[in-house]
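Everything on this sheet refers to the single structure shown next.
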Amino acid sequence: MKLETYQNIVNGELVHSGHSYQELANQYGTPLYIFDEASFRKRIESYTANFHSDLFETQVLFASKSLLTKAIAKIIAISPLGQDVVSAGEIFVGLAAGVKPDKMYFHGNNKSDEELVYALQNEVGTIVIDNRMEASRLEQIAEKLNKRPKVLLRINPGVEAHTHQYIQTASLDSKFGESIFDEQIFEFITQLHESQFLNFVGFHSHIGSQVFDRESFFKASLAMMEFAQTSQEKTKYRITEINFGGGFGVYYTKEDQPFEMAEFLPEFVQNIEKESVRLGLKLNKICIEPGRSLVNASGSTLYRIGDLKDTVSGKHYLFVDGGMSDNIRPALYQAQYEAAITNKITEPATIEYTVAGKACESGDKLIENITLPQAITGDLLLVNGTGAYNYTMASNYNRLARPAMIHIDGAHHRLTVKRETFEDMMKNELD
Ligand code: LLP
């Protein structure tokens, strides 16, 4: 397993900022989500410093669907980041933690009237409209509430991103946004510009997630800027803001070769500056909205190994005390992970195991074919790279309680999400 900067080996054991996983497991129980705050803050600083321009205001938004708890939102609240939200629930958590609503961008392809009312009443800064019906609903709501929200339109630039089909969002028949190839789109954009109740400023797009190809981002940004220019020509109204979305790929296993964000971002900004000058755009503001690449590497999940079983066909199963209920990604996207037995980190890896969870589902396998040292019941298995889309996609399938989460910040650690109890899982149920 590739170790993170906060992990090292002490006396034959893997530790996190000097904290023994054994002690963390004893104190907080397993499965346990562990989140490293210091590395997250470092990444926030690096993204903010590198996504910077002298020509326009820049804003990095945290795609909070990737990881959202009150404690995470509190870190966002005191950072320069804004928050990408996709539901009233995400707005609620952000507000509860002190995120400024004017730094929230509200996405989603089927925001309800109630959600739009909630967003406007709470002064959410930008509504990213997905489609024509939403635009007219939002106009009516804004008129009723006597508001004039700032609005972007999600467009679909039709740029292909090489990633898993389920997390690809800008193909021509995607459910998200309006296509730039739609003949009638400029009529719609003119209506947005001329709306009395909307302050329409520009466009948003997001081409997909876990994308490794730098070129896709350059191509999509160019397509958006060219579209902005065409829109200006066709409608005679100016475009002042573009949100380029997120989707930057991260390392899970050796198969993944992410590009270095600290190198990519300044080049990306320079290219936007250059192209916007060439195209005669006069943008005031540009945004990006990474989720996974901000949090994934700061998160890991600690499991206790239970039974081990060899099948007649020769497969060696290693069972852990969680699984698809805390990490659905292998079952949903064939996602791959690396793992280590923390108390045997220096022992030779000799056995090819299949790490399976405890859910009643054959597909509940966290890692197929991973070579590890000989394991015994009670050993601790740590899976790295679980910061994004694990906690936020967790479920209570089989009435498995969702794990606790702790944050580690150098010498200190604290509980940020309590382990669910059986009562928690029944609290909304009536006779
Ligand atoms: N902006 C928009 C509009 C998005 O839809 C997304 C992700 C992001 C930003 C952030 O993308 P990121 O930087 O995290 O790649 N559950 C899937 C990922 C779904 C992503 C959905 N949208 C997974 O576990 O891989």
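When you look at residue 340, is it within 16 Å of the ligand (Cβ to nearest atom) and touching a residue at least 24 places away in the same chain (Cβ under 8 Å), yes or no? Can you show your working first?
Numbers: within 16 Å of the ligand (Cβ to nearest atom): no; touching a residue at least 24 places away in the same chain (Cβ under 8 Å): yes.
So residue 340 does not fit the description; no.
Out of (1) assigned to a helix (DSSP H, G or I); (2) closer than 29 Å to residue 293 by Cα; (3) open to solvent by less than 40 Å² (accessible area, probe 1.4 Å), what's the single condition that is false for residue 186?
(2)
Just the residues that are farther than 24 Å from residue 325 by Cα and among the hydroxyl-bearing types (Ser, Thr, Tyr), please, taken from region 11-45.
17, 20, 39
Right, residue 256: surrounded by fewer than 15 Cβ atoms within 10 Å (Cβ to Cβ), farther than 30 Å from residue 360 by Cβ and either aliphatic (A, V, I, L, M) or touching a residue at least 40 places away in the same chain (Cβ under 8 Å) (or both) or not? Can you show your working first?
On the way: surrounded by fewer than 15 Cβ atoms within 10 Å (Cβ to Cβ): yes; farther than 30 Å from residue 360 by Cβ: yes; either aliphatic (A, V, I, L, M) or touching a residue at least 40 places away in the same chain (Cβ under 8 Å) (or both): yes.
Taking the combined requirement at face value, the residue satisfies it.
For region 61-171, please list each of the strands (runs of 3 or more DSSP E) lying entirely inside it that holds at least 2 residues being farther than 29 Å from residue 36 by Cβ, under 18 Å from the mean Cα position of the chain (by Cα) and not assigned by the TED database to the domain that holds residue 222.
On the way: elements: 82-85, 104-106, 126-129, 150-156.
Hits in region 61-171: none.
Assigned to a strand (DSSP E or B) and either of a type in the set (Asp, Glu) or at pLDDT 95 or above (or both) - does that describe any residue in region 36-53? Walk me through how you get there before you give the answer.
Just the residues of region 36-53 that are assigned to a strand (DSSP E or B), to begin with: 36.
Cutting the leftovers down to either of a type in the set (Asp, Glu) or at pLDDT 95 or above (or both) gives us 36.
Checked against the condition, which is being assigned to a strand (DSSP E or B) and either of a type in the set (Asp, Glu) or at pLDDT 95 or above (or both), region 36-53 yields at least one hit.
List every residue pair whose Cβ atoms sit under 6 Å apart, with the two residues 6 or more apart in sequence or on different chains, where the first one lies in region 176-198 and is outside the structural domain of residue 233 (by the TED database) and the second, anywhere, is among the hydroxyl-bearing types (Ser, Thr, Tyr) and within 16 Å of the ligand (Cβ to nearest atom).
If the second residue must be among the hydroxyl-bearing types (Ser, Thr, Tyr) and within 16 Å of the ligand (Cβ to nearest atom), no pairs are left.
Of all residues in region 292-342, which are surrounded by fewer than 17 Cβ atoms within 10 Å (Cβ to Cβ) and of a type in the set (Phe, Trp, Tyr)?
Answer for region 292-342, where residues must be surrounded by fewer than 17 Cβ atoms within 10 Å (Cβ to Cβ) and of a type in the set (Phe, Trp, Tyr): 317, 333.
Does any residue of region 408-423 turn out to be under 21 Å from residue 324 (Cβ atoms) and either of a type in the set (Val, Ile, Thr) or outside the structural domain of residue 306 (by the TED database) (or both)? Steps first, answer last, please.
From region 408-423, those under 21 Å from residue 324 (Cβ atoms) are 417, 419-422; that's our starting set.
Restricting the remaining residues to those that are either of a type in the set (Val, Ile, Thr) or outside the structural domain of residue 306 (by the TED database) (or both) gives 417, 421.
Yes, region 408-423 contains at least one residue that is under 21 Å from residue 324 (Cβ atoms) and either of a type in the set (Val, Ile, Thr) or outside the structural domain of residue 306 (by the TED database) (or both).
Quick one: in region 360-404, which of the residues that are part of a strand (DSSP E or B) and polar (S, T, N, Q) is surrounded by the most Cβ atoms within 10 Å (Cβ to Cβ)? If you could, list the steps in order and put the result at the bottom.
So in region 360-404, the residues part of a strand (DSSP E or B) come out as 365-372, 380-384, 404.
Filter once more, keeping what is polar (S, T, N, Q): 369, 371, 384.
Working: 369: 11, 371: 10, 384: 23.
Once the filter is applied, the top-ranked residue is 384.
For residue 67, which of the numbered conditions (1) of a type in the set (A, V, I, L, M); (2) open to solvent by 20 Å² or more (accessible area, probe 1.4 Å); (3) touching a residue at least 60 places away in the same chain (Cβ under 8 Å) fails to hold?
Status for residue 67: all satisfied but (2).
Do the conditions hold for residue 208, that is, is it in the same structural domain as residue 280 (by the TED database) and on the phi > 0 side of the Ramachandran plot?
Working: in the same structural domain as residue 280 (by the TED database): yes; on the phi > 0 side of the Ramachandran plot: yes.
Taking the combined requirement at face value, the residue satisfies it.
Taking the stated definitions as given, is residue 263 open to solvent by 60 Å² or more (accessible area, probe 1.4 Å), away from the ligand (no atom under 12 Å from the Cβ) and modelled with pLDDT of 95 or more? Spell out how you get there, then give the answer.
Details: open to solvent by 60 Å² or more (accessible area, probe 1.4 Å): yes; away from the ligand (no atom under 12 Å from the Cβ): yes; modelled with pLDDT of 95 or more: yes.
Spelling it out, residue 263 is indeed open to solvent by 60 Å² or more (accessible area, probe 1.4 Å), away from the ligand (no atom under 12 Å from the Cβ) and modelled with pLDDT of 95 or more.
From 234, 309, which residue is more than 12 Å from the ligand (Cβ to nearest atom) and not assigned by the TED database to the domain that holds residue 17? Lay out the reasoning, then the answer.
Numbers: 309 fails: not assigned by the TED database to the domain that holds residue 17.
After ruling out the rest, the residue left standing is 234.
Please find, within region 237-253, the residue that is least open to solvent (accessible area, probe 1.4 Å) out of those that are within 16 Å of the ligand (Cβ to nearest atom) and among the aliphatic types (A, V, I, L, M).
Start the filter on region 237-253 by keeping residues that are within 16 Å of the ligand (Cβ to nearest atom), which leaves 241-253.
Checking which are among the aliphatic types (A, V, I, L, M) leaves us with 242, 250.
On the way: 242: 0, 250: 18 Å².
For region 237-253, the residue satisfying everything is 242.
The values are calculated or read from the model by the stated rules, or taken from the named source; none is laboratory data. Only a predicted model underlies this, so the values are computations on that prediction, with no experimental measurement involved. Here Cβ is always computed from backbone atoms with ideal geometry, including for glycine, and neighbour counts include all displayed protein chains. Please note that ligands, DNA and RNA were not included when accessible areas were found on the heavy atoms of the full protein model with its side chains. Shrake-Rupley method; radii C 1.70, N 1.55, O 1.52, S 1.80 Å.
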